[in-house]
There are 4 protein chains.
Amino acid sequence: MIVVMKQSARRPDVDAVIARLQELGFDGQAIVGAERSVIAVIGQVYPELQGELEVLPEVHHVLRVSSPYKMSSREVKPDDTIIEVRGVRIGGAETVIMAGPCTVESEKQLMTTAREVARQGANVLRGGAFKPRTSPHSFQGLGKPGLELLAMAREETGLPVVTEVVDPRDVELVAEYTDILQIGTRNAQNFPLLQEVGRSNRPVLLKRGLNSLVDEWLLSAEYIITQGNRQVMLCERGIRTFETGTRNTFDLGGMALAKELSHLPVIADPSHATGKASLVPPMSLAAIAAGANGLIIDVHPEPEHALIDGPQSLDFPTFEALMTAARTVASAVNRPLQAPIAV
Amino acid sequence: MIVVMKQSARRPDVDAVIARLQELGFDGQAIVGAERSVIAVIGQVYPELQGELEVLPEVHHVLRVSSPYKMSSREVKPDDTIIEVRGVRIGGAETVIMAGPCTVESEKQLMTTAREVARQGANVLRGGAFKPRTSPHSFQGLGKPGLELLAMAREETGLPVVTEVVDPRDVELVAEYTDILQIGTRNAQNFPLLQEVGRSNRPVLLKRGLNSLVDEWLLSAEYIITQGNRQVMLCERGIRTFETGTRNTFDLGGMALAKELSHLPVIADPSHATGKASLVPPMSLAAIAAGANGLIIDVHPEPEHALIDGPQSLDFPTFEALMTAARTVASAVNRPLQAPIAV
Amino acid sequence: MIVVMKQSARRPDVDAVIARLQELGFDGQAIVGAERSVIAVIGQVYPELQGELEVLPEVHHVLRVSSPYKMSSREVKPDDTIIEVRGVRIGGAETVIMAGPCTVESEKQLMTTAREVARQGANVLRGGAFKPRTSPHSFQGLGKPGLELLAMAREETGLPVVTEVVDPRDVELVAEYTDILQIGTRNAQNFPLLQEVGRSNRPVLLKRGLNSLVDEWLLSAEYIITQGNRQVMLCERGIRTFETGTRNTFDLGGMALAKELSHLPVIADPSHATGKASLVPPMSLAAIAAGANGLIIDVHPEPEHALIDGPQSLDFPTFEALMTAARTVASAVNRPLQAPIAV
Amino acid sequence: MIVVMKQSARRPDVDAVIARLQELGFDGQAIVGAERSVIAVIGQVYPELQGELEVLPEVHHVLRVSSPYKMSSREVKPDDTIIEVRGVRIGGAETVIMAGPCTVESEKQLMTTAREVARQGANVLRGGAFKPRTSPHSFQGLGKPGLELLAMAREETGLPVVTEVVDPRDVELVAEYTDILQIGTRNAQNFPLLQEVGRSNRPVLLKRGLNSLVDEWLLSAEYIITQGNRQVMLCERGIRTFETGTRNTFDLGGMALAKELSHLPVIADPSHATGKASLVPPMSLAAIAAGANGLIIDVHPEPEHALIDGPQSLDFPTFEALMTAARTVASAVNRPLQAPIAV
C-alpha cells in the first residue's frame, strides 16, 4: 500500500503515520515529492489496513498496490485450470457447449430438448429447477422433481448436468443430482452459499454479479476456493448498465480481462446477457472469438410457450445453425468445439 | 399489457395474437394506428405473459402497464405503514435515528458507543455481528458473541437493536437476540433469506441492492410481505454507478420515489452511501430534508482503529454535532426527531 | 506517480524503469516490498507519463498520486470563490434561487413566469433559447428572439438572466444578452465551447456531464479557468445510471464532494435530475441541506402545455410553497436565502 | 403512444384526456382493463406529446410505441447502407480495417505507421490531429499541420484517411484534407457539430457517446442525415459503466442491436473500448464475429513512446499477428477482409 499525504502535511504528520505502521507491525518508507509526500508500506498487508490508514491526520488517501485475490490469480498459479466433469474437459484447448432449457418445465420439454442438444453436439445439459425470480408472484421452478428430471435426462443422453442452487440448505441435495453447481448472478456475493458450495466436491459455475467488478468476481471465486473446492468456472452473463435496449450489457472485455488475471476457465452466457434470441448467435460467436472456454445457451422446443425467458431461448433450428457457425469460428481461433461423448 | 406490432404486421398477424390471448384466457383489443397496430390485453395478467407474447410472429415488443408489485404499493394501501419497535415508532410524523458501530468488535467498543449514541438521543442501536465481506480474507464479524453483546447493550441503554442476518439458517438465532433484522445490500435478491425473515415476526430493515431498480427493491419487500411479515423498512444506502469519488452513489431521488410509490417507511444510510466521514453530516441532513423517516449512521469511538469501515464512521464529537444539526433540520421540515425513550 | 511492478519483475527491470525516468527528467526511488517492488516518481509529472510508464516491461500498473486539476482545487485556493452578478452574490453565506421556464416559448409565457418567480423571491431568471435536443425532430428553441425576450424580462424584473449556449460561434451573441452563460450536460466535454466561454467575461454555470466523474467535472471547469475566466459555478443535474424510475440520478454526494475538493460554488438542478415535478420539492430541500450554494428550478405557468420538460416543471402554487419551505430549511442550516434585489 | 391512467381514474378523467387529444389533433381510444384504463393515441405523434400528456390529471404515465428515429431505422430502409470511400466499400459483404496512430505526432511516426498498416492490408488510415482531452493541461494534437501530414500519408499509401473534428468551425478545413470525418464520443450529442458535418459531403464515422443509449446513438445519426448527409457509420467504442478494470465497457451486444435496428454500417473500436493492448486482439476478433462491418485500431511504432493512449496501441508485430487472425475469423463468418487497394 501507498499512503498519499495531503499537500499540507508536514514532517511530523509523516512520522506519525510511520509510527502507526510500526505499531501495526509494518515498516514505512517516506518519499518526499515535488507536491506532496508519500509513504510506502512494507510488509504483508491486509485489506482493512487501507481504511485504518485513511483516517490518520493529514492522509489524503491510500492506494492498494496488489490484487486482493490470491488463489484465483495467475500470479499465484500461471497455468490454466482444467476441470473434468464426466469426461468433459473445461478450460483446456477445446471449447465446450452447455445448452438446455432455462427452466425445467416438464418431462417432455426437458427430454426433447436434452436429446436435441445432445444430437447437435452439446457437451453439458443446462436446466433450472430452483429459479430466483425478481417477483414472488412469478413461477419459482419445479424444485426437487426438476432435479429428478435432470438426472433422468443425464441417464439417457450421457450429458453431465449443470443446475442452479440458491439456498445453502439445498447444496447437498442439488449436488446429489447434478454434476455442476451453478451460482446465479443474484447470489454472486451470497457468501454463506459460496462457502457451502466450496465445501462440496462438485465443480461450480460462478456467474458474475450484475454489479460485480472483475476483481470482486475473482474474490467470490476465492470464497469457494478457500473452502477447498478449486473447480470453479467464471461465467460472464452481462452486467447492469444504463443501456436498456439489451437485457444486460455483455461484458466480453471483462471476460477477457478475467481470463488474463485468473487461471480459472471462463464461460459466456449470451442468452441472459442479451435477453434477445436474435442477438444470441452473433454474441455466441463473439464470445468464442474473445477466448471463452465455453458457452451456455438457452434452448427450448417452443420458445413462445416457455414459462421463463422465452424471448432469449433459441428454437431447435436456430440452435443447430448456431452450432454449425460455432464449429467454424472455434476452429478459426484454434479452440475447436470439444467432441461430444459417445454414449 | 400492450402488444406493439411491427410496421410490417398485417391483419392476420394481429388476429393470431388475439387468438393466442384468448387461448390463454385473455381478451385482446386491436387499435390500428397511423404507423402500426397495437393490441391491448384485457384481463388479470401475470409477469411471464410479456415474454410469451414477445416471441409471437410480427410482434415488436410488449409494454407493461402496471407495477409488478402489489403489497408494497400505495395503490393497494395508500396510507403510511408505521412500525413499532419497543416504543420507537418508525414511519410516522417523527424522524428516527439509528446509530452505532458498523461492526461489534469488543464489549468495550460496543458499550462505549451504545452509551454515547443513547446520550445523544439516538432511538435505535446498530451493530454488525455477521459481516458479509467482499474478500474471504477479511474479518467476518464476531458471530454469536456479537449478538450477545448487542443484547447486553440493549439491556443497559434500553435501545432496540438492529443487526444484519446473512444466512437463512441464522434467522431464528438473530431474531432471538435483536429487534430489527437487517438485510444487507448484497442479499437484496437473496430470495430464500427474504422468505425466511418474512416468516419471522421481527421488523426488517431491507437495504436496497447495489444494482436494484426502485421497482426491484419494492419486489424484494414483496418477498418478505407475502410470507406474512408486513413490518418492512426500505433503506437507501447508495447504488453502484460509474462515479468512484464516493463509495457508492447516494440515490435520494430514488428514496423519494420509493416513498411516493410505497407506503413503507424509508431509512437513509449516508455512511455506506458515501463511505467518507466528511460527507456523512451533509448527506444526513439532505436525507432528512428529502423525507427520510430515519437515518442509520456508523459511529465509532476511534474510527482510526475500526476493524471495518473506519473511513466512514463518525467519532463522538462529530456525531454530537450532527445530532444538533439534524434536530434543527428535522424540525424545519416538520418531522422532528423522535424523543428517545426514557430508561 | 507510483510505478507498481509485476511480481515477476527482477532488479534489472526496476533499474530499466528508473533509467527511463531519468531520461525523461525525473528521479525514481525503488521500494522493495514483500510481494513486489514499487517505484516512486520524483518530479513535476504530467498526465501522459502514466501511459508512458505503463507500457514498460514488467510494469503492472501506474498509480496517480495527485489530482489532475489545479486551478479549481482547494489545494491551490482554499477559500470559497464568490461570483457577483448584478448584485447577486453566488458562493457566499447565502443561498441563491434561480428559476424560470425550461424554454422560452413566448413573450407572455416568459413575462408571466419572470414576474411570478421575482415576486416569490428568486434571485436569477433562467430560460432556454437554444435547446440541445436528443432528436432533430424536436423543438430546438426560439434562438435569438428568445434571447431578446430574456433581456426584456430582465429589464422589467431586474433579475439577472442565465441561458444556455450550445455553439462556440454563438458565445458572443449570447453573452451580449445574458448575465450567466450555461453549459449544458451534453456539452460538459465540448472543449472548444468551454474555451470560448473561458474567453468571455461572463460567469459560467457549468452543468456536470451525464457521465462525468467529479474529477472530470473539475477538469471541465479547468478548461474555462485556464482561458482566464475564473467565474465558474458547478451545477449538479443528475448523472446517468441504471435507474430509470427517475430521469437521472441526482448525485448530491458527488455535489458535496465537489464542494469539498473545489472552491467553486455548487448549484443544484433538481428539475432535470429527477424529471418529475413531485420530486422537485423534496430534492430541492435536500440540496440546500447538503450544502448547495443555489438551486435552479424549472417553473412554468401551465406545465401541462409546456413545449419541453413539462413533467418536471413546477406550477406557480407549487413553486410558492417550495420557496416557503426552502426559506425555512436554508435558515436551519445557516445559509439563508438571499434577499431578492429591490427593483 | 399509450396513456396509462391511475387506478383511481374515473370515466370523466379518461374523457378529459381524450378531449385534450382531440384538441391537439389526435384521436384517443379508451380500453377499460381489469385494474386500470389505458388510452391509445391515434395519429402521427411527436416526442413532446409524451410530456404533454403525462401532466394531465389521473394519468399514471405515457408509453412510447414507436422508435424516435426514422431515417436511420430499418423500418424505413430495410437494406444495408454501403458507403464508398476512394474505392473502399464499407457496410457490404466484406470487413474493413482502419488502423493508424491514435494521434499524429510527427512526419516520421505517421509515415512509418501508414506504410506498415498499408503493408499489412489495412483499408483506411486513422490518425488524430485535433484531440479532445479531458485535461486542458494535456497535449491537444498538432492541428492543421497534422492534417497536412495525413494528406501526405494518403498520397503515398493510397489509403483514405479518417480523422476527428471537434469544432463546427473546423469542419470545412478538416473535410478538405480527409476522407472520413470522425465525431468523437464526447461530441456524440454536440448537435451543432453533427449538423455541420451533416452539411458536408464527407462520410462520417459517428462514435457512440460514453453514455448514449443505442436509441440516442441512432438519433445522433439522424441529426447528420436530416441535414442531407446519409453516409454515416456507427462506431461502438465502449460505454461508461461501473467496471474500472477496462477503460470502458465494450458493448458488442449494443453494436449488434444497432445493426439490427439500423441499416447503417457498424464499426468497432476495441482500442478505446478496452484501453489495454493485450485485450485488443481478442476483442477485435470478437467484434468481427459479432458482425462488425469494420474495425478501427490504434497502431504505433513505439507504444512506449506514444504521446497519447500508448497503453492501448498495438506495436507492428502484434498488429501483423492480429491481421492474420482477423483474416481467418472474418472468412469463418463469411465476411472476409476487404482486399487493400493496389497503389
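Comparing C:G254, C:G198, C:G238, which has the greatest mean-square fluctuation in the GNM of chain C with Cα pairs linked when under 10 Å apart? Evaluated over chain C, the most mobile residue of the options is C:G254. With coordinates expressed along the principal axes, the C-alpha atoms belonging to chain B extend over 76, 43, 38 Å, beginning with the largest.
Only lysine pairs 8 or more places apart, or on different chains, with alpha-carbon atoms under 18 angstrom apart are counted in chain C, and they number 6. Over chain B, DSSP H runs of length four or greater, each weighted -39,500 (n - 2.57), average out per residue to a 222 nm ellipticity of -10000 deg cm²/dmol. Peptide B:61-68 is shielded by partner chain Cβ atoms: per residue, an average of 5 of them sit within 10 Å of its Cβ. Placing a label point 7 Å from Cα along the Cα-to-Cβ axis, C:I82 is separated from the same position in the other copies by 4.6, 6.9, 7.5 nm, shortest listed first. Inter-copy label distances at A:K6, shortest first and taken from points set 7 Å along Cα to Cβ: 4.0, 5.0, 6.3 nm. Note on A:H61, B:H300: ascending count of other Cβ atoms within 10 Å places them as A:H61, B:H300, the fewest first.
Shape of the range D:75-231 from the C-alpha gyration tensor: oblate (a/c of 1.5 or more and a/b not above b/c, with a ≥ b ≥ c the square roots of its eigenvalues).
For the segment A:187-196, counting C-beta atoms of other chains within 10 Å of every residue's C-beta and taking the mean gives 6. Over all directions, the projected convex hull of the C-alpha atoms in the range C:65-124 averages 6.4 nm² in area.
Of the residues B:V333, B:V32, B:V104, the one that moves most in a GNM of chain B with alpha-carbon contacts below 10 Å is B:V32. Shape descriptor for the range D:173-284: Rg over Rh equals 0.98 (Cα atoms; Rh from the Kirkwood inverse mean 1/r).
Quick note on the range A:2-63: its Rg to Rh ratio, both from C-alpha atoms and Rh being the Kirkwood radius, is 0.92. As a rough footprinting exposure proxy, the listed residues C:K77, B:K70, A:K207, A:K108 were ranked by other beta carbons within 10 Å of their own, and the order from fewest upward is A:K108, C:K77, B:K70, A:K207. The two copies D and C are related by a rotation, and the chain D beta carbon nearest its axis, with distance in whole angstrom, is D:N211, 2. Taking the DSSP bridge list for the range C:54-202 and keeping only pairs wholly inside it, about 25 percent are antiparallel. Of B:S313, D:S73, B:S138, the sequence from fewest to most neighbouring Cβ atoms within 10 angstrom is B:S138, D:S73, B:S313. Taken residue by residue and averaged, Cβ atoms of other chains lying within 10 Å of the Cβ of D:134-146 number 5. Taking K and R as +1 and D and E as -1, what net charge do the other residues with C-beta under 14 Å from the C-beta of C:L219 add up to? Result for the neighbourhood of C:L219: +2.
Relative to the other identical copies, A:M152 shows label-point distances of 5.7, 7.7, 8.0 nm, where the label point lies 7 Å from Cα along the Cβ direction and values run shortest first.
Between the alpha-carbon centres of the range D:5-70 and the range A:27-69 there is a gap of 59 Å. What shape does the range D:243-343 have by the C-alpha gyration tensor, where a ≥ b ≥ c are the square roots of the eigenvalues, rounded means a/c under 1.5, and otherwise prolate means a/b greater than b/c and oblate the rest? It is oblate, given that a/c is not under 1.5 and a/b is not larger than b/c. Can you classify the protein assembly as shown as rounded, prolate or oblate using the Cα gyration tensor, where a ≥ b ≥ c are the square roots of its eigenvalues, rounded means a/c under 1.5, and otherwise it's prolate if a/b beats b/c and oblate if not? Note, shape of the protein assembly as shown comes out rounded. Within the shell of other residues whose beta carbon sits under 9 angstrom from the beta carbon of D:A188, the net charge comes to +3, with Lys and Arg scored +1 and Asp and Glu -1.
Read-outs throughout are calculated quantities, based only on the coordinates presented, and are distinct from any laboratory measurement. Please read these numbers as outputs of a predicted model, since none were measured by experiment. Heads up, the Cβs are rebuilt from the backbone with ideal geometry, glycines too, and the neighbour counts pull from every protein chain shown.
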